[in-house]
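The values are calculated or read from the model by the stated rules, or taken from the named source; none is laboratory data. All values derive from a computational prediction rather than experimental measurement. Neighbour counts run over all protein chains shown; Cβ positions are idealised from the backbone, glycine included.
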Amino acid sequence: MVKFIKFISYTVFFVFMLIVFLPKENLYYFLKKELHQYNITLKEEHIDEGVFSLSLDKLEINYEGMDVAEILKLETECYLFLNIVTVENIQLSSLVESYIPREIQHMRVEYSILHPLSIRFEADGKFGDVAGEFSLMERAFVVRVKLKKMMEQKYKKSLRYLKKLKTGEYIYEKAL
C-alpha cells in the first residue's frame, strides 16, 4: 500500500511539474504555424506566460487575408484536471452582421478530465447568453441560447436555424 501511494504521489508530482515547466509560448507558436497551413493567421500584440497560463493581448484572426475577428484578451489556463480558455471582448467581422451582432463580451471554453468526452462552452454578448457542449464521441454540438428581445426582432434570419423550446430558450443541434 505504501508503494502504491508513493507511485501515485510521484506521478502527480511529475505531471504537475510537466504543466509548470511546459513551454506554453512555444506551443502557441506551433499552433500558429499549423493554422497557417489552413490559411488562418494569428497576429498578437503581447504574449504573457504564467506558471499555469498563457495570455494573449489584442489577437487578430485572419482567414485567407480577410479579417475574421479581433480579440482584446485571450487567456488559457492548464491545471491537472481542468483546462480553461477565457476570451474577452471579441469583435467579429462585418460579414456576420446580418446574422448576429458583432460583439461578444465574454466567452469561456472548458475541458475537464472528469468529463473527457465533452467540451463545454458559454458566451454572452448583445445577442444574449449561450451555453453548450461539444460531444467528442458523437461529434455533435448542442447549444442553448437565451436571446435578448433585440435579437428576436432584428436578426430573424438567424432564428431559422434555432428551435424554440417551451421555456422561451432556443436550441441548436448539429452533428459534424
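Being surrounded by 15 or more Cβ atoms within 10 Å (Cβ to Cβ) and not charged (D, E, K, R) is the filter; apply it to region 160-176 and report the residue that is nearest to LEU74 (Cα to Cα). Let's see the steps before the verdict.
From region 160-176, those surrounded by 15 or more Cβ atoms within 10 Å (Cβ to Cβ) are 162, 169-170, 172; that's our starting set.
In the following step, the residues that additionally are not charged (D, E, K, R) were identified as 162, 170, 172.
Working: LEU162: 28, TYR170: 28, TYR172: 26 Å.
Filtering region 160-176 for residues that are surrounded by 15 or more Cβ atoms within 10 Å (Cβ to Cβ) and not charged (D, E, K, R), the one nearest to LEU74 (Cα to Cα) comes out as TYR172.
Only one of these is polar (S, T, N, Q) and more than 28 Å from LYS33 (Cβ to Cβ): SER93, SER98. Name it.
On the way: SER93 fails: more than 28 Å from LYS33 (Cβ to Cβ).
From the options SER93, SER98, the qualifying one is SER98.
Restricting THR86, THR11 to those that are of a type in the set (Ser, Thr, Tyr) and either surrounded by 15 or more Cβ atoms within 10 Å (Cβ to Cβ) or at pLDDT below 85 (or both) reduces the list to THR86. Apart from one condition, ILE5 fits all of (1) part of a helix (DSSP H, G or I); (2) touching a residue at least 12 places away in the same chain (Cβ under 8 Å); (3) not charged (D, E, K, R); the exception is (2). Within region 63-75, does at least one residue satisfy the condition of being more than 16 Å from ALA123 (Cα to Cα) and outside any strand (DSSP E or B)? Checking region 63-75: at least one residue is more than 16 Å from ALA123 (Cα to Cα) and outside any strand (DSSP E or B). If you filter region 36-57 down to residues that are more than 16 Å from the chain's Cα centre (by Cα) and either under 17 Å from LEU92 (Cα atoms) or among the aliphatic types (A, V, I, L, M) (or both), you find that the one that is modelled with the lowest pLDDT is VAL51.
Cβ-Cβ contacts under 7 Å between residues 6 or more apart (or on different chains), taken from a first residue in region 36-51 that is more than 16 Å from ALA69 (Cα to Cα) to a second residue that is of a type in the set (Val, Ile, Thr), are listed as VAL51/VAL20. Condition first: out of contact with any Phe, Trp or Tyr (no Cβ under 9 Å at 6 or more places or on another chain), under 25 Å from TYR28 (Cα atoms) and surrounded by 17 or more Cβ atoms within 10 Å (Cβ to Cβ). Can you find one or more residues in region 130-153 that meet it? No - not one qualifying residue is present in region 130-153.
As a summary of the residue check, PRO101 satisfies the conditions (1) over 27 Å from SER53 (Cα atoms); (2) in a strand (DSSP E or B); (3) touching a residue at least 40 places away in the same chain (Cβ under 8 Å) except for the one numbered (2). LYS157 falls short on exactly one of the conditions (1) exposed (fewer than 15 other Cβ atoms within 10 Å of the Cβ); (2) within 21 Å of the chain's Cα centre (by Cα), and that condition is (2).
Say whether the condition of being under 30 Å from MET17 (Cβ atoms) and in a loop (DSSP other than H, G, I, E, B) is met by at least one residue in region 128-148. Checked against the condition, which is being under 30 Å from MET17 (Cβ atoms) and in a loop (DSSP other than H, G, I, E, B), region 128-148 yields at least one hit.
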